[in-house]
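S.K.: Attaching a single structure in structure tokens format; questions to follow.
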Amino acid sequence: MDRLVFTSNATIKEHSVARQVLVNDLANVSTVGFKSSYDVALQSVKVQGAGFDTRYQAQTISRDLIRMDAGPVMATGRPLDVAMTEGAVLTVQSPDGSLAFTRRGDLKVNIQGQLENGSGHLVLGENGPITIPPGLMVNVNVDGSVFARNPAQEGAAADVLIDRLRLRDASGVSMARRQDGLFKIAEKPDGTDIEVSGLELRVIPQALESSNVSAIEAMTRLMDQSRSFETQIKIIKETKSLDESGSSMMKPA
């Protein structure tokens, strides 16, 4: 009986790790550029204590590797909105100052005149953080070039190149989620840059990429985990009832 209860408790504990990943995906189903996580992985853990030295038990771990599948693209008409195409990721500056990546392209100019995305992360160009001179209208081309023009200028105002978005190709790279929600190269230290490829990366101007989380699929998986939890609880209660029945039978008359 004790072994059965131990197995049910272990199942509940292992499912809790997967449930945390699933709940995080559901919470970001409407977040711009959000990427869902892969299911949890398994690792073998040596069992300590009395018994054979060769006993190992499978344990779930959350590696938080992300799916880079593209989400639906929606047109917004905002000059600063961009959606990355294929495996392109946008390089930004994380809160700790290190280099990181994202697919969130709802850009804006902050009060310091620097370009940042909707999460408040500074957008990096080829020359570092992109600074926009005050009073200029900004737009982004398909190749990631950031242009600005003075609307107060008489006649046809010429677009002036400010910088170019630092895009990287992550199609052949395994990406993981950082503690701050940004992306990094899996099993590499934070701040590691992706090698520049020969591909010409593109963006879709005046559009945003939605989350690639399927709400229906996530809810179905969550319901399945809830039923599994209820099943394990029933097993524990039934085991307790059988144990009590067995004890009562062994009592002297």
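The values are calculated or read from the model by the stated rules, or taken from the named source; none is laboratory data. This structure is a prediction, so every number in the text was calculated from the model and none was measured. FYI the Cβ positions are ideal-geometry reconstructions off the backbone, even for glycines, and counts take in every protein chain you see. To get the accessible areas, we keep the full protein, side chains included, count just its heavy atoms, and leave off ligands, DNA and RNA. Shrake-Rupley method; radii C 1.70, N 1.55, O 1.52, S 1.80 Å.
S.K.: Could you check Pro72 against (1) closer than 21 Å to Ala176 by Cβ; (2) open to solvent by 40 Å² or more (accessible area, probe 1.4 Å); (3) at pLDDT 90 or above and say which number it fails?
M.R.: Every condition holds for Pro72 apart from (1).
S.K.: Can you say whether Met175 is among the aliphatic types (A, V, I, L, M) and more than 24 Å from Asn117 (Cα to Cα), as far as the supplied structure shows?
M.R.: Criteria not met by Met175.
S.K.: Of all residues in segment 133-142 being without any contact (Cβ under 8 Å) to a residue 60 or more places away in the chain, open to solvent by less than 80 Å² (accessible area, probe 1.4 Å) and part of a loop (DSSP other than H, G, I, E, B), which is nearest to Thr91 (Cα to Cα)?
M.R.: In this case the residue turns out to be Pro133.
S.K.: Could you tell me which of the residues Ile185, Ile130 is open to solvent by less than 20 Å² (accessible area, probe 1.4 Å) and within 25 Å of the chain's Cα centre (by Cα)?
M.R.: Ile130
S.K.: How many residues are over 16 Å from the mean Cα position of the chain (by Cα), part of a loop (DSSP other than H, G, I, E, B) and closer than 16 Å to Val146 by Cα if we restrict to segment 79-116?
M.R.: Selection size over segment 79-116: 5.
S.K.: So Val92 clears everything in (1) touching a His at 6+ places or on another chain (Cβ under 9 Å); (2) over 20 Å from Asn212 (Cβ atoms) except one condition, right? Which one?
M.R.: Unmet condition: (2).
S.K.: State which residue is modelled with the highest pLDDT when the search covers only segment 197-253 and only residues that are hydroxyl-bearing (Ser, Thr, Tyr) and touching a strand residue (DSSP E or B) at 6+ places or on another chain (Cβ under 7 Å).
M.R.: Here the answer is Ser210.
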